[in-house]
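Everything on this sheet refers to the single structure shown next.
Quick note: the coordinates plus some simple rules give every number you see, no bench work behind them. Keep in mind the model is a prediction, meaning the values are calculated, not measured. Cβ coordinates were reconstructed from backbone atoms using ideal geometry, including for glycine residues, and neighbour counts include every protein chain displayed.
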Amino acid sequence: MVSLRVENTRSKSNGFTPTQEEPAVLEAAPEKNSDELFCAGEVRILIVDDDPSVGRVIQSALARRDFFVDAVSDPAQMEAKIQERPYHIVILDYVIPGLEKVLGWVREHQPEASIIVVTGYPSIDSALNCLRAGTFDYLTKPFQVAQLQKVVNRCLENKGLLRMSEEALRESLGAAIREKRKALGLTLAQMAQRTGVSLGYLSQIELGKNSASIETLYRISLGLGVKIADLFQAVQIPS
């Protein structure tokens, strides 16, 4: 693997800015409010990359109070580290020396862990190999901080370990209702007439200021001509 050098200074945009001569591992992206998501317990993530600077960058990108993010770069210590404790996610560099052996250790000692592969040398063959191996996702360097965070969050959501906060869910659901209403060319007043829900209550729901009961959501879904499930499918999970 070619060594990837990254500046050790964190930028204001929650990313690391390389010099002109240094290839980037992560690209800068706007900061997100971490309070939009909460964990159902401690999340354990392991980064396996023979370049320690890459491990430090990813650790910093995923840092939050309920994430335990560990990293190992010494090939002689990788097996022991993989056996050390159970992890929910293993972020693995595709071109580390002895990849097949490392993958074997992960499968043996971390059977419940999801594998996210990162590589600076993407190819169709490597992508297909990762797909066949059942990896959760495949990221190519350089990638944005937000992209990595989104993949990790999606993986943890699938495991039931990461959920939207009540406030974030209200806001996202309200935005989904507002977008569907506007797509139909309906005003709030027309929507209130269709649903039998007061104008003020509808406004509060769309703004995410008030929670809607199941009965109210049923009325809204009928007014929009969709199923309740469609409203929740339109909810945008924060990165």
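Structure above, values below:
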| quantity | calculated |
| --- | --- |
| Region 26-164, relative contact order [Cα under 8 Å, separation at least 6], % | 29 percent |
| For residue 144, distant residues with modelled amide H under 5 Å away | 27 |
| Rounded, prolate or oblate (a/c below 1.5 giving rounded, otherwise prolate when a/b exceeds b/c) for region 70-169 by Cα gyration tensor | oblate |
| Which listed pairs, of 141/180; 150/227; 141/209; 101/150, have C-alpha distances above 32 Å, in listed order | 141/180; 141/209 |
| For 214, 96, order by how many other beta-carbon atoms lie within 10 Å, fewest first | 214, 96 |
| Where only alpha carbons of region 166-233 are counted, the Rg and the Dmax (Å) | 10.4, 29 |
| Theoretical gain in end-to-end length, residue 165 to residue 215 [0.36 nm per residue, Cα-Cα removed] | 15.8 nm |
| Karplus (6.51, -1.76, 1.60) ³J(HN,Hα), θ = phi - 60°, over region 135-149, in Hz, Gly and Pro reported as x | 5, 6, 7, 9, 10, 9, 7, x, 10, 6, 3, 4, 5, 5, 4 |
| Burial ordering of 43, 90, fewest other beta-carbon atoms within 10 Å first | 43, 90 |
| Region 53-92-region 110-130 distance, computed between alpha-carbon centres (Å) | 16 Å |
| Sequence of 103, 199, 169, 46 once ranked by neighbouring C-beta atoms within 10 Å, starting from the fewest | 199, 169, 103, 46 |
